[in-house]
Amino acid sequence: MQDTIRSLRALQEIDQLIFRVREELRRLPAERAQRRSQIDALAAAREQIAGRARELRFRIHEIEDLTTQQRQRMRKVEHQATSTRSDMALLAAYQHEIRTLKRDISNAEEEGLGLVEQAETAETEQARLDGEIEGAEAVFAEFSANVERELAEARGRLEALEAERRQRHDGGSIDPDALSLYERLLEAREGVALAELDGRICQMCFMEVTPNQYVRVVRGTEVVQCPSCDRILHLRD
């Protein structure tokens, strides 16, 4: 079993490096995706504001068309009122319509002014976001290129490490059950399946093992796991 522990320790040295490189290969694309999603969120916000600005401008145009029609109607009614001064009932009706048209035109113009202010505010924000997105896209392009370069380097390192691992992996010197346990712990404990004992203290979780467990590790006739973190225990050389 001592040979198995020594072989596992040799594997552990290389597996820790492999784990770090694989973590880097996961981390870099995740960081790039996060930055991309942030830019996409800005673009979505910009499009929402741009849509709002378009809606406001469309409503402003509708109001302008309506007030133009109302002014034309008011001039016509004013002309009719001038031509019918002898008919007091009809004249009163015309005057009432004129007052109503003036009020409606005034209200529409007031609404239009408010909408123009809202549209200009939206368009200003849209322009600001356009600039922010443009800058973010430039930064992202540079970051993405760096990520691709780092990924290529990491893949190269991983390939070299895995080749070295194959050289270290002497299947004949490692107990199959111990190797299976090691592989499971490697994934469960983020690349660190073994733990050194300093006295009776596990150097990974810093919990104290029992005297019996310590004696079993010293004897080296079986694989002993830390009762706290489950890692395979070994003594310092």
message: Using the Cα centre of the stretch 78-220 as origin and beta-carbon charges of +1 (Lys, Arg) and -1 (Asp, Glu), tell me which of Leu129, Thr100, Pro211 is placed farthest towards the positive end of the dipole.
response: Pro211
DSSP beta bridge pairing in the chain, given as percent antiparallel to the nearest 5: 50
message: How much accessible area per residue does the stretch 18-87 have, counting only protein heavy atoms and a probe of 1.4 Å, in square angstrom?
response: 68
query: Residue by residue, what Karplus-based ³J(HN,Hα) values in Hz, rounded to whole numbers, does the stretch 218-225 have, using 6.51, -1.76 and 1.60 with θ = phi - 60° and x for Gly and Pro?
result: 4, 4, x, 9, 8, 7, 10, 9
statement: Per 10 angstrom bin, beginning at 0 and ending with the bin that holds the maximum distance, the Cα pairs of the chain fall in percents of 7, 17, 14, 11, 10, 9, 8, 7, 6, 5, 4, 2, 0
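Pop out the Kirkwood hydrodynamic radius of the stretch 37-159 from its pairwise C-alpha distances, inverse of mean 1/r, in Å to one decimal.
19.3
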query: All other residues with a Cβ under 12 Å from the Cβ of Arg155 taken together, and with Lys, Arg as +1 and Asp, Glu as -1, what is their net charge?
result: -3
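Rounded if a/c is under 1.5, else prolate if a/b beats b/c, else oblate: with a ≥ b ≥ c from the C-alpha gyration tensor eigenvalues square-rooted, which is the stretch 166-225? Provide the component values of the computation, followed by the final result.
On the way: a/c = 2.42, a/b = 1.48, b/c = 1.63.
Judged from the Cα gyration tensor, the stretch 166-225 comes out oblate (a/c at least 1.5, b/c at or above a/b).
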message: Just to be sure I follow the definition: excluding the sites themselves, where is the longest run in the chain that has none of the trypsin sites (Lys or Arg not before Pro) in a DSSP loop with at most 15 other Cβ atoms within 10 Å?
response: 86-199
query: Computed on alpha carbon atoms, what radius of gyration and Dmax characterise the stretch 1-66, expressed in Å?
result: 28.3, 94
message: Residue by residue through the stretch 138-150, what is 3J(HN,Hα) from phi via Karplus (6.51 cos²θ - 1.76 cosθ + 1.60, θ = phi - 60°)? Round to whole Hz and write x for glycine and proline.
response: 5, 5, 5, 4, 5, 4, 5, 5, 5, 4, 4, 5, 5
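Taking all protein chains as present, what is the carbon and sulfur share of the accessible area of the chain, in % to the nearest whole number, probe 1.4 Å?
50
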message: Need the C-alpha centroid separation for the stretch 8-87 versus the stretch 135-174, integer Å.
response: 39
field: Cut-off under 5 Å, modelled amide H: who pairs with Met207 long-range
entry: Cys202
statement: For the stretch 168-237, the per residue accessible area (1.4 Å probe, Å²) is 56
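The values are calculated or read from the model by the stated rules, or taken from the named source; none is laboratory data. Note that the structure is a prediction, hence the values are computed from the model and not measured. Heads up, the Cβs are rebuilt from the backbone with ideal geometry, glycines too, and the neighbour counts pull from every protein chain shown. With ligands, DNA and RNA removed, areas are computed over all heavy atoms of the protein, side chains included. Shrake-Rupley method; radii C 1.70, N 1.55, O 1.52, S 1.80 Å.
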